[in-house]
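Data block below; observations after.
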Amino acid sequence: MDEVDREKLWREVGDITGSGGSCEGFAVIVRKYQGNAQALEPEVAAVTQALLGFAASKLARRDDPSSSSSSSSGPRQELEAACGAVYELCAARGVKATVRAFPHAVRDLEAVAETLASLDPSLRGEAWRTRYTLLLWLGMLAKNPFDVETSVGAGRESFLRVVRRACEASLGDAGPARDAAAYCLSSVLTRRDVPPAELEALVGRLEELVGEVAGAAGHETVLAATGTLRAVATALETGARARSRAVARRALEAVAPCFGDDRPPAIRPLRRLAVKVVGRCGCALLRPRVAAWCYARGRRSLAIAEVPSSSPRRQESSVVEPAFEETEPDGPEDEEAAELLEEVVDRLLEGVRDAETTTRWTAAKAIARVVARLSREVADDAVACVLDDARGVGRPIADDDARRHGACLALAELARLGVLLPARLGEAVEALETCVRFDRRTASGSVGAHVRDAACYVAWALARAYDPTLVSPAVPRLVEAVLVVAVLDREVHVRRAASAALQENVGRQGNVPMGIELVHLTDYFTLGSRERAYLEVAPSVARLSPAYADAVLTRVLDDRLCHWDPAVRNLAAKACGAIVADDSLLFDRAMTHLAPRATEGEDVERRHGALLGVSETVLSRAACDSTTAAAVARIVSEIQAAKKRHYRGRGSELVRVAVCRAIAAVARRKGPLDVEARVSLLGALDECVVHPVDDVRDAAVPAFRSFCATYFAGDDDDSKKKNPTIVVVVVDLATRYVADLAAAQTPAATRGLARCVGAIPLRILASNHILDEAIDVLCRRAHRDDLVSGERDAETRRDALSALAELCGCGGGGGGGGGDDAEFLLYMATPARARRVFETYVEACRDYGVDKRGDVGSWARVAALRAAAALAETASRASYPAPSSSDAMIVPDAVARAAAYLGPAAAEELPPAAQQPPLLCFWTPAMAHSLVDVALRQLGEKLDVVRNEAETVLRKLLCSDDVASVPRRGALRAALFSDDRPRFFFEALTRAMAAAPTYLDSCLGGLAVTAGSGDSKASDEARKALLSTARDWAKKKNLAAIARLARSLVAALADVCFFASKKKEPRRADDDPEAKHRASATAAALSREEAARAYVPLLRLAASLVDSTPFRGFFVEPAPTDRFTTPGGENLEVVDHDDDDSIASVLVTTLARVAASRRCATDVRKTRVVADALLAAVSLQAPRNARKAAASVLSLLALPMPRARAHVSEQLYARLVELGLDDHHRKNAFSPDQLRAAQDRLETSIWDDDAPLDKLRIQVDVLADDLGIRDEVARLVAILDTRITHRAAAAAKTPDELESYASLIRDAGY
């Protein structure tokens, strides 16, 4: 315990003993050391003495009227605090170690007994810590010499009767007080002056309780029987042997119902204690001796045994030879006990096979103690039974794991006590080898980890118990058995147990080959990671010795590759490849073993593991020879021929994945295959790339990529002439995959085929003149409006974008023809293709598709950003300076380098240099501006993954010279990346808005939506960044920047609300240059997904901005220099045409249009958001706009949605009260009288009930009269009635019989 905790501990002790404080602080400190109880040892005695010394002063004393009693709450609470602290100390350090430090002055005996007897029975649940401590204390005090018939208590009863009554009352508790009562009662009953009849009476009571439990008694009886069993077991352990021997027969009869095959289920909680009682009875029936026939190693301390010395005394204490002479004890004692000992051994063997682990542990320890005192013949029979259980000889499968586990525990204990003679060490090692491999499959996993752990305990015990000369013949088998468990077991605790056993054998036996190296490799912490154990430790161990390599490889091939867990099979396959990588003999052995198993039998796990092993074994070599390649091709062909058997049913997807990995392994190691084998393997991949399971496609696409690159892209003209069939296969491959992708109508097919088209080598697509078709198909599949089976598929869009990147040589997947990207763009692409692909990327960055999984469009945005940045680097490096004449459009060695890609025949077909397109248009400033625009927009998103990718792209564009022609590079770099990397880039975005006004709308595109979302930490940070930036600009009098920001936000809101109200993409009026210049960049290509996504957040943000101080000055009226042209011209009957086109007018006009829309009239959430924004506009110091906003708010009170009306009425009342408190009445739209009248009307009306709409309209009209805006409100209510009527008519025409619960709730207004 460190000094800080020690000071805190004693401070808490002082609080308890000084002022009677609570023990909670003491408990917090002590509980920290429950896993390291030894650290408390130096303080246990002093702390216990201090606490119980204080408790002694609070005990109930007959001669002290001021002492504690059950009726005085003050001293009782102080006593409970001290006893509670002692309990926490016992729980952390252990009862046995703590009780030894209890004070044992006889003067406290009567006080403890009287206090224990005076505790209020009604407070048993609250004062259980006090009873626990007092019982333990009384048990310690009972060890003092005194007259047990001493009278104590107010009734002057004998001490024995008081203690027995208090203990029997607590033996039925369900908590720790039961164990304390058992300890106390056993301490009293085992005194020499207590009559033996008292112990016999306790055993008789035990017999009654066990009989009642066997007869299906209640829970209270089970608890009482448990406490009594513990008391009897403790008494038999600590009492005199003669007294225990006298009650042994009756105790065995009392616990007899706990044994046998016909025992009732209610007995199960008593089994462990019953076994403990049987073991104690067996020890009591036998003399406390170690039989002469037991193996004795002498002194087992290494410090003594290994110190060289010529002194006779030191030599005498070294290891002695075992004595095997039989010396049978004489006397009537053993004859009287003989009839009970057989029953004791049988019951202990039954306990070793029990279903409970704790019972098996107790039985294993007990049987070792008992057998060590028996004759050699009887002990040998018991050891034989234990060995048979460990080997599983003649045992049913149902309890096989419990029998083996208990047998291993018993073997370890028998070895530690010398009962397992050296003659049986071979059988013990054989049983150990069986148990370390035990793993029985169950429905959802396996059973056997505890058996393997116990087997490692046996190995640990054997190393400590026997002389190295005796164990040396079995050491190789023992070490190999434990070693494979240490490096290849599935469970971490078993690997570490095997490591401990291995370390013990290496250290004590001393004849383990490469033992020190083994101990270093199989370190406790190294084996904590299963992956590291398989992939690093196992191959390293195999390289130490051929024997270790053979043992590890045999375990991998015979067991691990057939394991029930697919993760273990995967790791085992990789370990197999690492082990055989440098040894040809091991490689041949693995292939010979695995190849037949991959196609034989019906076990899917064996076949899957064999295929994985074959693939990793092939990958372990630098090259694949023809024999190995042919073997893999034959395996795949046989599986394909029997696909109905191998590819159907449980585990068929795993087999497909393994087949794809085997094909990929041969392709990556360039194994030679004939045309027929290539076609066969390609057919297997064709089925897997369109499989509906993602894992199968994920394995098939890399295999397809490697297969095409190895067997189709590298053939020269001579090989094509020798094998014309390969030309047909290649042409069919490219054409078929592109056509299938264009026509595919299932998500699995489009996802897999898109990735495969990107994986086809560019040489194949270019030579067959379908490159443009492939690019067009991928671009179409990457568009957000592409439909698969009538629905949009986000995974298809993502995979198509990744395929485009790979096709252009920018995706890192091995596509692109194999040359550098500059040569690819020079010979394989044109500027038109580059721009076509780049536009697809930019368009994909506006993919905001949403489904039940969330923002699935972010997958496409991330893929598009990554691919666009890579294409920007490639295109920028490939863009040459403008040529001086048309003759310089192709560099001189263009034909030679084109021939290296296309072949001589294709190179000759290149058009003349004069007809080549310009080479300087691959990358233009406009493209750079578009990429920076979308990256800045994504930098303000809510999702971390999108922001992180946008940050990476912007760093690549702005902080390096790999991409040219980036507008405002220096200003953006200084604004975004001048400081250390923050968690959010929102403040940096606001700095970028000021540094580069060109990108103002781009920065606001994502930032504004995030700031208005209000559902995450990112939303709070974004809103805070916007408002703090505006306040900083206001302090600096930078009104122009605030005006630009306000105009952009209002314009974005107007655009979003306009587009969200349309059923399809609207037509923009692009013939007005001034309007086009002032319109926001968001509206240029705004989609319905973007509008729906930004609709509610921008409305929330508008309410925040109108109420914020920096922006309030820009929402006044009039502002003749601040004009704005709203998009579209529809639905203008909602607003006043004579209003100014100021920011306030545009904002109120937009909000009024939203309030009168069909979407708002039927959606509670949107109604509430729009109402909040309109209410913020009501307080504007612009009377006409404020009146319009108020009219729109009152129209919302006429909607048939009670929750929406309640929210609007509450917020409107609060806003009117705020306006009434404003001193600037001359600038408000309403007079104080109007405000008071409207407040009274809102307060007296009920808006959240199901009143008829006619009654609601009357209330709204009266409220509008109070504010003087009845005509405007009536017009808006009429418009809303029209919207609601049209919606109801549309719903009546197309009834939905399967309308969801969400639709029902929405229509009901909730």
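At-a-glance table
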| read-out | value |
| --- | --- |
| Candidates 601, 609, 649, filtered to the one that is in a helix (DSSP H, G or I) and under 30 Å from residue 692 (Cβ atoms) | 609 |
| Members of the stretch 745-761 found to be surrounded by fewer than 21 Cβ atoms within 10 Å (Cβ to Cβ) and either assigned to a loop (DSSP other than H, G, I, E, B) or in contact with a helix residue (DSSP H, G or I) (Cβ under 6 Å, 6 or more places away or on another chain) (or both), listed by number | 745, 746 |
| Some residue of the stretch 517-535 being open to solvent by less than 10 Å² (accessible area, probe 1.4 Å) and closer than 27 Å to residue 607 by Cα | yes |
| Failed condition for residue 177, given (1) crowded, with 24+ Cβ neighbours inside 10 Å; (2) of a type in the set (Gly, Ala, Ser); (3) out of contact with any Cys (no Cβ under 7 Å at 6 or more places or on another chain); (4) within 25 Å of residue 147 (Cβ to Cβ) | (4) |
| Top-ranked residue in the stretch 622-654 [being in contact with a Pro (Cβ under 8 Å, 6 or more places away or on another chain) and of a type in the set (A, V, I, L, M); ranked as least open to solvent (accessible area, probe 1.4 Å)] | 629 |
| Any pair with Cβ under 6 angstrom, 6 or more apart, that starts in the stretch 1155-1169 at a residue that is among the polar types (S, T, N, Q) and ends at one that is open to solvent by 30 Å² or more (accessible area, probe 1.4 Å) and not in a helix (DSSP H, G or I) | 1157/1061 |
| Which listed residue, of 1194, 1180, is at pLDDT below 85, over 47 Å from the mean Cα position of the chain (by Cα), open to solvent by less than 10 Å² (accessible area, probe 1.4 Å) and farther than 20 Å from residue 1095 by Cβ | 1180 |
| Per-region count, the stretch 1-60, residues among the acidic types (Asp, Glu), buried (at least 18 other Cβ atoms within 10 Å of the Cβ) and under 15 Å from residue 101 (Cα atoms) | 1 |
| Meets criteria (open to solvent by less than 40 Å² (accessible area, probe 1.4 Å), among the aliphatic types (A, V, I, L, M) and assigned to a helix (DSSP H, G or I)) for residue 162 | yes |
| Residue within the stretch 65-79 that is under 19 Å from residue 12 (Cα atoms), modelled with pLDDT of 85 or more and either open to solvent by less than 40 Å² (accessible area, probe 1.4 Å) or hydrophobic (A, V, I, L, M, F, W, C) (or both) present | yes |
| Hits in the stretch 538-560 - residues which are assigned to a loop (DSSP other than H, G, I, E, B), touching a Pro at 6+ places or on another chain (Cβ under 9 Å) and either touching a residue at least 40 places away in the same chain (Cβ under 8 Å) or not hydroxyl-bearing (Ser, Thr, Tyr) (or both) | 544 |
| Residue match in the stretch 1005-1019 (condition: assigned to a helix (DSSP H, G or I), under 26 Å from residue 1093 (Cα atoms), out of contact with any Cys (no Cβ under 7 Å at 6 or more places or on another chain) and without any contact (Cβ under 8 Å) to a residue 40 or more places away in the chain) | yes |
| Lone unmet requirement of (1) over 23 Å from residue 1105 (Cβ atoms); (2) part of a helix (DSSP H, G or I) for residue 1185 | (1) |
| Which listed residue is among the acidic types (Asp, Glu), part of a helix (DSSP H, G or I), open to solvent by less than 60 Å² (accessible area, probe 1.4 Å) and at pLDDT 90 or above, from 740, 698, 776, 686 | 686 |
| Hey, residue 628 part of a helix (DSSP H, G or I), hydroxyl-bearing (Ser, Thr, Tyr), over 21 Å from residue 537 (Cβ atoms) and without any contact (Cβ under 8 Å) to a residue 12 or more places away in the chain or not | no |
| Qualifying residue in the stretch 526-536 (condition: closer than 21 Å to residue 428 by Cα and in contact with a helix residue (DSSP H, G or I) (Cβ under 7 Å, 6 or more places away or on another chain)) | no |
| Qualifying position, being within 30 Å of residue 566 (Cα to Cα), surrounded by 24 or more Cβ atoms within 10 Å (Cβ to Cβ) and under 27 Å from the mean Cα position of the chain (by Cα), among 492, 487, 479 | 487 |
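The values are calculated or read from the model by the stated rules, or taken from the named source; none is laboratory data. Model, not experiment: these values are computed from the prediction. We place every Cβ from the backbone using ideal geometry, glycine too, and count neighbours over all the protein chains shown. Heavy atoms of the whole protein, side chains included, go into the accessibility calculation; ligands, DNA and RNA do not. Shrake-Rupley method; radii C 1.70, N 1.55, O 1.52, S 1.80 Å.
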